[in-house]
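Here's the structure we're looking at; comments come further down.
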Amino acid sequence: MKDWPLWEVFIRSRHGLAHKHVGSLHASDAAMALANARDVYTRRGEGMSIWVVRSTDITASAPGDKAILFDPSEDKVYRHPTFYEIPDEVDNL
Amino acid sequence: MHIQPGHTGGEPTRSAEALAELEQAFQEKIDAEIKIEPKDWMPEAYRQSLVRQISQHAHSEIVGMLPEGNWLTRAPSLRRKLILLAKVQDEAGHGLYLYSAAETLGASREALIEALHAGKAKYSSIFNYPTLTWADVGAIGWLVDGAALINQIPLCRCSYGPYARAMRRICKEESFHQRQGYEIMLVLCRGTAAQKRMAQDALERWWWPSLMMFGPPDAESSHTQQSMRWKIKRHTNDALRQKFVDQSVPQADYLGLTPPDPELKWNEQIGHYDFGAIDWGEFWRVLKGDGPCNRERIEARRRAYDEGRWVREAALAFGAKQARRAHGAE
Amino acid sequence: MNQRQALYEYLLRLGDNALILGQRLTEWIGHAPALEEELGSANVALDLIGQARGWLAYAGTVEGAGRDEDTLALQRDVLDFRNALLLEQPNGHYGDTIARQYLFDAFHYPLLEALRGCADQHIAAIAAKSYKEAGYHRRRSAEWMVRLGDGTAESHAKLQRSVDTLWPYTGELFTPDEVDRTLQSLGVAADLTAVYQTWDEDVARTLKTATLQRPQAGWMQSGGKQGRHSEQLGYILAQMQFLPRAYPDARW
C-alpha cells in the first residue's frame, strides 16, 4: 500500500499577513488535508486561514538556476528609493 | 517543501575531480553557516547520515508516546489528564514534523516506519523502560524531556534547513513538557509519604537511563566527528551529558530527592558535578533489543499500523474515487 | 424532583457524556491508524474532557455539597454516572469509534447550539464555547463516515456493521424524562424533539453520502441517563479512578 499523498500547508496567522509555509503532512483527500492541517499546525492558536496544496502540484526553481534567475536583479539599484538624490529640505518624497 | 528531493542517487556519475569540487563547495557553505536545502547538492553520506538521525529522532517521538500514553486513562485529575494528553499529542506532532523533514531527503515515511517495525531502525532506548507509577510521568517530563531539550536546542542550528526548522518548532512546543513533569514531582514530594516514595523510586529508575540518552562517551561515538564537521551536531555527547547533570542535581535537591549515584558531588575546581560510571553494558543491551519493554513497544506500534491498514486503504480509495468523480464532472 | 435536583442531573448528563467519550478516545492515543489521526483524535478528546470539567464543576456548585469536578469525575461509582450508554461502548476498530463519534456528534452539536440560548447563564456560557468544538467534531466524524462507507468493500462492510451495532444506543439520547421535562418548562433544557430533527436529517444525509443503509427502527437500549449502565462502565471507572481511590488522602 502507498502512503497517503503528501501536502504542503500554508497558514495565515493574523489578519493582514500572507499565508506562510509551515510544514507538510499526509492526507488522502483535500478535506482531510485541511482537517489535518488544522489539527497538526494550529494547536496553539497559530492560524486563521489555511491553504493546503498537493506537494506534487508545486513547481519550484532549481538551485542550479540561482545565478541566472536572481543575480541579474542585484545591479538594478534604480529600483530602490535610496538610489535617488533629493535635497533634505524637500518633504514628503 | 518536498519537491524533488535533493539526493544524488539518480545523477550521472561524476568524475572524482568534479565530486571533490562539489564537496569542497558544500563544506564551504556549511562553514559559512549557509543552510543546506532539499534541492541543493549534498554528499550522499551527508544525506544518509541525516536520514538516519532524523528518522531515529522521529521514531523516538512516536515510540515515546507509549510509556506516557499508558497513563492517559489513569491520570489522577482532569487537569493532569488534559496536560498529559496535550503533551503526548505534541509528541505525535513532533514525530510528524520529523518524518516530514526526512521525507525532504527522499525517504518515504512508510519505508521508515516499516524499518522501525522490522527492528532495523533505532530509537531512543529510554522508551524501553516501563512506567510503573504516576511518578514516572513526572520523572519522564522532568528528566527525559529535560535531557531531550538539551540535545535538541543545538539542533535548531543544524546545517540542514528542514531539520533545523522542525527542531525550532519542536523546542518551542516542548518548553512546557519539562515544566509539567517537574510540577508533578513537586506535588508528589510535598504530598503524602506514599507519594514521596513514588517520586524517589521514579528518580532512581530514570536517572541512569536519562544520562545514557546523550549517547556513548565521545571516545566511542562513531558518528560524532563527521556530524560535527557537517554541523548536524554542535556539541559532544559528554559535554551535553555534563550540562544535564549540572542542571538536574540542584533540581533534585530542591525536591528533596536523591539521585542513585553515591559518587555524585560538586567539584569546586572544575565548576561541575562529578558523577559515577555509567553502565554502558546496559545501554548497549537495551539498544540491541533486550530492555524491559522493547518487544512490547515495537509490537504495539506494529499492531496499530497493521490494524489501521484497512482504514488508510479506505481513505486512499475514497480519495481516488473523489478525484475520478471531479475529473468526470469537468 | 425539584429544580435544583433536575439541574444537577442534567449537568451530570452533559458532563458525563463528554467525560466518558473523552476517556474512551484517550485509549486510542499511540495506537491510531495514522500519525495525523493521533493528533486529530487527541484534539477531540481534549475538547471533550475540557467540556466535562466545565459541566462537572458547575454540577458541583449546584449540588452544594463541596464536590468539585475531580471529586465528581473520580469518586462516583457506576450508579451515579449519567452518560448515555452509547458513549461507554468499547472503541472496537476504528470504524466502531468513528460511528460512535459521529452518532454522538450529530446529537451533541444541535444540543449545544440550542443550549446557547439557555435561561441558565452558566449553561449558556459553556454551550457557547463548546458548540464550536462540537461543530468541528461533527464535520470531522461525518467526513470519516463517508471515507469509510464509500472507501473499499471491506471498509464499507465494517462500517455498516458498526452503525447497525450502535444504532440501538441512539434512542436514549432523544427520549425525554422528568429531568428534561422539568427543565424544559423553565427554558433550561433543550427541546429533544427539535434536536432529534436536526440529528435525523444530518444522519440521513451522511449515511446516504457514505452509501450506508439506515438501520431499521427497532428496540432501543436505555438507562444510562438514569444511572442504569452496561457492564462497560465499571471497567472504564476502574481505570480512570484508580489513583484517587488507591490514595484517598493524596492531592495530585
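The values are calculated or read from the model by the stated rules, or taken from the named source; none is laboratory data. Predicted model, so just to flag it, every value in this text is computed and none were measured. Every residue, glycine among them, receives a Cβ derived from its backbone with ideal geometry; neighbour counts consider all protein chains shown.
Brief remarks follow.
- All positions within region C:203-230 that are surrounded by fewer than 19 Cβ atoms within 10 Å (Cβ to Cβ), modelled with pLDDT of 95 or more and within 22 Å of C:Gly95 (Cβ to Cβ): C:Ala204, C:Arg205, C:Lys208, C:Thr209, C:Thr211, C:Gln213, C:Arg214, C:Pro215, C:Met220, C:Gln221, C:Ser230
- Residues in region B:252-272 that are surrounded by 11 or more Cβ atoms within 10 Å (Cβ to Cβ) and in contact with a Gly (Cβ under 8 Å, 6 or more places away or on another chain): B:Asp261, B:Leu264.
- Residues satisfying the stated conditions in region B:288-311, i.e. closer than 14 Å to B:Ile126 by Cβ and surrounded by fewer than 18 Cβ atoms within 10 Å (Cβ to Cβ): B:Pro292
- Matching residues in region B:31-52 - criterion: being under 15 Å from A:Pro63 (Cβ atoms) and of a type in the set (A, V, I, L, M): B:Ile34, B:Ile36, B:Met42
- Where B:Lys122 falls short, out of the listed (1) within 30 Å of C:Pro33 (Cβ to Cβ); (2) over 16 Å from the mean Cα position of the chain (by Cα); (3) at pLDDT below 95: (2)
- One residue from B:Thr224, B:Thr192 being under 18 Å from the mean Cα position of the chain (by Cα) and without any contact (Cβ under 8 Å) to a residue 24 or more places away in the chain: B:Thr224
- Of all residues in region B:251-270, those that are within 16 Å of B:Ala139 (Cα to Cα) have Cβ atoms under 9 Å from Cβ atoms of residues that are of a type in the set (Val, Ile, Thr), 6 or more apart or on another chain, in B:Ala252/B:Thr258; B:Pro259/B:Val245; B:Pro259/B:Val249.
- Given (1) in a helix (DSSP H, G or I); (2) crowded, with 20+ Cβ neighbours inside 10 Å; (3) more than 14 Å from the chain's Cα centre (by Cα), index of the condition C:Ala124 fails: (2)
- Residues of region B:32-71 that turn out to be surrounded by fewer than 21 Cβ atoms within 10 Å (Cβ to Cβ), of a type outside the set (A, V, I, L, M, F, W, C) and not in a helix (DSSP H, G or I), as a count: 7
- Residues within region B:269-319 that are of a type in the set (Asp, Glu), at pLDDT 95 or above and in a helix (DSSP H, G or I), tallied: 6
- Looking only at residues of region B:72-121 that are within 10 Å of chain C (Cβ to nearest Cβ), outside any helix (DSSP H, G or I) and among the small types (Gly, Ala, Ser), we find that the one that is farthest from B:Arg168 (Cα to Cα) is B:Ser77.
- Selection from region B:151-170 of residues that are in contact (Cβ under 8 Å) with a residue 60 or more places away in the chain, farther than 17 Å from B:Pro38 by Cα and within 14 Å of another protein chain (Cβ to nearest Cβ): B:Arg169, B:Ile170
- There is no residue in region C:163-186 that is buried (at least 20 other Cβ atoms within 10 Å of the Cβ), among the hydroxyl-bearing types (Ser, Thr, Tyr) and within 14 Å of chain B (Cβ to nearest Cβ).
- Residue check: C:Ala134 meets all listed conditions (1) crowded, with 20+ Cβ neighbours inside 10 Å; (2) of a type outside the set (D, E, K, R); (3) within 14 Å of chain B (Cβ to nearest Cβ) but one, namely (3).
- For region C:41-66, the set of residues classified as surrounded by fewer than 22 Cβ atoms within 10 Å (Cβ to Cβ) and either within 20 Å of B:Arg301 (Cβ to Cβ) or among the polar types (S, T, N, Q) (or both) consists of C:Thr61 only.
- Residue tally, condition buried (at least 19 other Cβ atoms within 10 Å of the Cβ), within 14 Å of the chain's Cα centre (by Cα) and not acidic (Asp, Glu), over region B:125-149: 11
- Those residues of region C:32-80 which are more than 11 Å from chain B (Cβ to nearest Cβ), in a helix (DSSP H, G or I) and among the acidic types (Asp, Glu), in sequence order: C:Glu63, C:Asp80
- Among all residues of region B:203-217, there is at least one that is free of Cβ contacts under 8 Å to residues at least 60 places away in the same chain and more than 30 Å from B:Glu33 (Cα to Cα).
- Being in a helix (DSSP H, G or I) and without any contact (Cβ under 8 Å) to a residue 60 or more places away in the chain is a description that does not apply to C:Asp202.
- Among the residues listed as B:Ile36, B:Ile54, the single one being modelled with pLDDT of 95 or more and either among the charged types (D, E, K, R) or within 26 Å of C:His31 (Cβ to Cβ) (or both): B:Ile54
- Residue count for region C:205-252, restricted to those that are under 20 Å from the mean Cα position of the chain (by Cα) and either under 30 Å from B:Arg74 (Cβ atoms) or not in a helix (DSSP H, G or I) (or both): 22.
- Residue list for region B:217-260, restricted to those being farther than 24 Å from B:Thr131 by Cα and not in a helix (DSSP H, G or I): B:Pro217, B:Ser221, B:Ser222, B:His223, B:Trp230, B:Lys231, B:Ile232, B:Lys233, B:Arg234, B:His235, B:Thr236
- Residue match in region C:1-22 (condition: touching a residue at least 60 places away in the same chain (Cβ under 8 Å) and either under 23 Å from B:Pro67 (Cβ atoms) or out of contact with any helix residue (DSSP H, G or I) (no Cβ under 8 Å at 6 or more places or on another chain) (or both)): no
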